[in-house]
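Just so it is clear, none of the values below were taken in a lab; they were calculated from the coordinates. On a predicted model such as this, the values are computed, not experimentally measured, just so you know. Cβ atoms come from the backbone with ideal geometry, glycine included; neighbour counts cover every protein chain shown.
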Amino acid sequence: MRSKRALLAAIVAFLYLLPVAASAQEITVAAAADLQFVLPEMAARFEKQTGSQVKLVFGSSGNFFQQIQNGAPFDIFFSADIDYAKQLESARLAEPGSLSEYAGGKIVLWLPKDSSFDPHRGLDLLLDPGIKKIAIANPQHAPYGRAAVAALQHQGLYDRVKDKLVLGENISQAASFVVAGSADAGIVALSLALAPSLKDKGKYVEVPGDNYPAIQQAAVILKSSKQKEVAHKFLTYATSASVSDLWKDYGFVVPAPK
């Protein structure tokens, strides 16, 4: 009788612990700042379908790259620059075969909604004396910042406007400078200009894609991840055809299937 009670108690304890075990299926994703609006929506859909949890941390790709090299406990890294993902793969810090190109980014010239300037004048507008501060992401560690510099150099403008540049830690901070009035214009990610919380605060025009190197964005699962099964599921979901329209809605270019 006592053994039956013990067995019953063990079964009850096991069933009680099941929700705890399920909630433990959480992954932490280090993601480039241009993904701060599209990825939460994608993660919410994934969580609803699977019951697993996705914790998102946003910042500059270069800073995350350094943190991962120093052992930061992330499960997946969504980089705005495919080269960071490739370097982690070469250094054997990424799960073999997990590197996945998920999207291509675009940059835009972005102005406050109430600005008297017309963004359709293009980057030459930045020479106007009325444009005193121009926000871009720090090109030392932010891919979108490097794209902005490349576009300015392509049009022979960089040396003429470099003293006007205000550097954000990442592309999100650069956009916030424009919203806050700390900058008169910005060169930011199209995904931010289209974001629900920002699209009514500014006006933009796309910078021609041939003015800067392609912004190829890729993700890797980190070799140190303790939740590789969930990480694989989420990365597979994020690069599947079922979410391609979501990427496009936020201004990203979806890579052709391989």
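Using the number of other C-beta atoms within 10 angstrom as an exposure proxy, rank V178, V188, V254, V230 with the fewest first. Walk me through the numbers on the way to the answer.
Values: V178 28, V188 31, V254 17, V230 23.
Result, fewest neighbours first: V254, V230, V178, V188.
Tell me, what is the percent relative contact order of the range 106-211, built from C-alpha pairs under 8 Å that lie six or more residues apart?
45 percent
At 27 angstrom or more along the helix axis (alpha-carbon based) and mean Kyte-Doolittle of 0.5 or higher, what helices does the chain contain? Whole DSSP H runs only.
Correct list, ordered by number: 2-23.
Relative contact order for the chain using alpha-carbon pairs under 8 Å, separation at least 6, rounded to a whole percent? Don't skip to the answer; put the middle values down first.
Numbers: 481 pairs, mean separation 72.7, N = 258.
So the answer I get is 28 percent.
Counting each DSSP H run of 4 or more residues in the chain as -39500 (n - 2.57), what helix-only mean residue ellipticity at 222 nm follows after dividing by all residues, to the nearest 500 deg cm²/dmol? Before the final figure, lay out the partial values.
Working: 10 runs with 100 residues, N = 258.
Taken over the chain, the calculation gives -11500 deg cm²/dmol.
Using Cβ counts within 10 Å as a stand-in for footprinting exposure, how do W110, W247 rank, fewest first?
Numbers: W110 27, W247 22.
Ascending Cβ contact count within 10 Å gives the list W247, W110.
For the range 106-211, take N as its residue count and report Rg(C-alpha) divided by 2.2 N^0.38 Å.
Working: Rg = 11.9 Å, N = 106, 2.2 N^0.38 = 12.9 Å.
Dividing the Cα radius of gyration by 2.2 N^0.38 Å gives 0.92.
What percent antiparallel are the DSSP beta bridges of the chain, to the nearest 5? All intermediate terms of the calculation are to be shown ahead of the outcome.
Details: 20 of 36 bridges.
Within the chain, antiparallel bridges account for around 55 percent of the total.
With no solvent and one point per C-alpha, what does the Debye sum give as log10 I(q)/I(0) for the chain at q = 0.12, 0.13, 0.14 Å⁻¹?
Result of the Debye calculation: -0.71, -0.81, -0.91.
Taking H as built 1.01 Å from N, whose amide H comes closer than 5 Å to the amide H of G168, not counting residues under 5 places away?
Close amide H contacts, sequence-distant or interchain: I136, A137, N138, A174.
Provide the descending list of Cα extents for the range 45-162 along its principal axes, expressed in whole angstroms.
Extents along the principal axes, in whole Å: 51, 34, 21.
Can you list the lysines whose alpha carbon is less than 25 Å from that of K132, not counting same-chain residues fewer than 8 positions off?
Hits, sequence-local ones excluded: K106, K113, K162, K164, K199, K201, K203.
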